[in-house]
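Below you'll find the structure, written out as structure tokens, and then a few comments.
Only the coordinates and a few stated rules stand behind these numbers; no lab work does. Everything numeric in this text was worked out from a predicted model, so none of it was measured. Note that each Cβ is placed from the backbone with ideal geometry, even for glycine, and that neighbours are counted across all protein chains shown.
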Amino acid sequence: MKPEILMMGPMHPVCMTALEDAYTIHRYWEADNKTAFLAENGPGIRAVATNGHLGCPEAIITALPKLEIISSYGVGYDAIPVKFAIEHGARITNTPNVLNDAVAEMALGLMLALCRRIPQADAFMREGKWAKGGYPLTGELTDRKVGILGLGRIGKEIAKRCEAFKMTVVYHGRRAQEGVEWQYYGDLEEMARDVDWLVVIAPGSAETKGIVSRKVLEALGPDGAIVNVARGALIDEAAMAELLASGGLGGAALDVFEEEPLPDVTPFLLDNVVLSPHQGSATYKTRAAMGQLVVDNLAAHFAGKPLISEVTE
Ligand code: NDP
């Protein structure tokens, strides 16, 4: 008999096809009465396939007495109550590494778009304004200093690309990393004061919520810019909107928001802001690799083999 899986939402075709072949799938998002659905199917379910946004709430974990594993599509697992799930007997997997390049590429793309005003230049051309006058000068990344908040797998790829753009790299995390030559700041506010760009790429957690506070944003200042490719919750969004509008903060390029997928972007509809709908890992190649990792982790689990990417915190 095929093991039974609860799928929280529709997944990448790589997952849908492979999981449908190997397992009996229960589609949570299609159920009208979620409580009745869980009461009927919950007792037989041994695995959950989900993503970093939908996660797997405690109430669902509780309704699955035979739950063995939660396989999540995405590296961020802030929507999964990890401790609770492990206590419930479930292992958790995510999809690290395969998305590092795509997210780093997006971070640099956002920096270039904001700094060289590429969206505005595109609009300028489409509106036929060139014949009426030249386009204003812009800043550039070359020779500027960038602070990486969260020099992990993705942060390091961003840092390498910033160096290729002739920027000076520094970083902040909970500790200085051995073997890393970039300058370490133990104090985020101090780093913000010293840099031109702050790139946010630390995980969402109770610890990092609001870590980019009003004080940090003020330290970054009128000539500074922030890029967020991590999670919206890391930044005090209200303070950021206020400072961007008043000129207290130079600019922002935002791929992530506190409320997704329906953030109130009205306060960010400003000329010094570039917006993106959580596109960091959203390439054909990377999303397929993430889907494959979800499938491979589940297959490893049910074959009694070591998991490929287990969340152990
Ligand atoms: P890693 O775990 O490899 O790196 C995270 C880094 O953050 C580490 O260097 C860690 O350093 C630092 N960090 C953790 N906690 C804190 C803290 N409290 N204060 C300061 N620094 C901290 O993660 P990844 O690089 O793989 O991914 C990072 C995040 O990027 C994900 O969790 C996800 O939320 C986000 N992401 C966004 C995507 C998008 O589409 N925009 C796509 C993929 C990921 P130290 O331990 O030294 O503190």
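Only Lys, Arg, Asp and Glu carry charge here, each on its Cβ (+1 for the first two, -1 for the last two); on that basis the chain has a dipole of about 580 debye about its Cα centre. Under a Cβ-Cβ cut-off of 9 Å, what is the net charge of the residues other than Pro277 that fall near it, where Lys and Arg count +1 and Asp and Glu count -1? Residues near Pro277 contribute -2 overall. Two numbers describe the Cα atoms of segment 100-275: Rg and Dmax, which are 15.9, 55 Å. Over all orientations, segment 65-188 has a Cα convex hull whose mean projected area works out to 11.8 square nanometres. Each helix, a run of at least 4 DSSP H residues, gives -39500 (n - 2.57); summed and divided by the residues of the chain, these come to -10000 deg cm²/dmol at 222 nm. Here is the list for segment 161-208: trypsin sites (Lys or Arg not before Pro) lying in DSSP coil, each with at most 13 other C-beta atoms within 10 angstrom of its C-beta, are Lys166, Arg174, Arg175. Between the amide H of Val274 and those of Ala252, Ala253, Leu254, distances stay under 5 Å, these residues lying 5 or more places away or on another chain, with hydrogens modeled in the peptide plane.
Can you tell me what percent of all Cα-Cα pairs in the chain are more than 30 Å apart? It works out to 40 percent of all Cα pairs. Ordered by the count of other Cβ atoms within 10 Å of each Cβ, fewest first, Met16, Met1, Met167 give Met1, Met16, Met167.
Projecting the Cα atoms of Pro267, Leu110, Met167 onto the dipole axis of segment 100-275, where Lys and Arg carry +1 and Asp and Glu carry -1 at the beta carbon, places Met167 farthest toward the positive end. In segment 100-275, with Lys and Arg counted as +1 and Asp and Glu as -1 at Cβ, which of these residues, Leu217, Ala123, Met191, has the Cα nearest the positive end of the dipole, that is, farthest along it? Farthest towards the positive pole: Ala123.
Enumerate by residue number the GluC sites (Glu not before Pro) in segment 91-184 meeting two conditions: DSSP loop (anything except H, G, I, E, B), and at most 16 other Cβ atoms within 10 Å of the site's Cβ. Show your work: numbers first, answer last.
Details: sites: Glu105, Glu127, Glu140, Glu157, Glu163, Glu178, Glu181; in loops: Glu127, Glu140, Glu178, Glu181.
Hits after loop and neighbour filter: Glu127, Glu140, Glu178, Glu181.
Restricting the calculation to alpha carbons of segment 211-294 gives Rg and Dmax of 14.3, 46 angstrom. Charge tally for Asn228 (other residues, Cβ to Cβ under 11 Å; Lys, Arg +1; Asp, Glu -1): -2.
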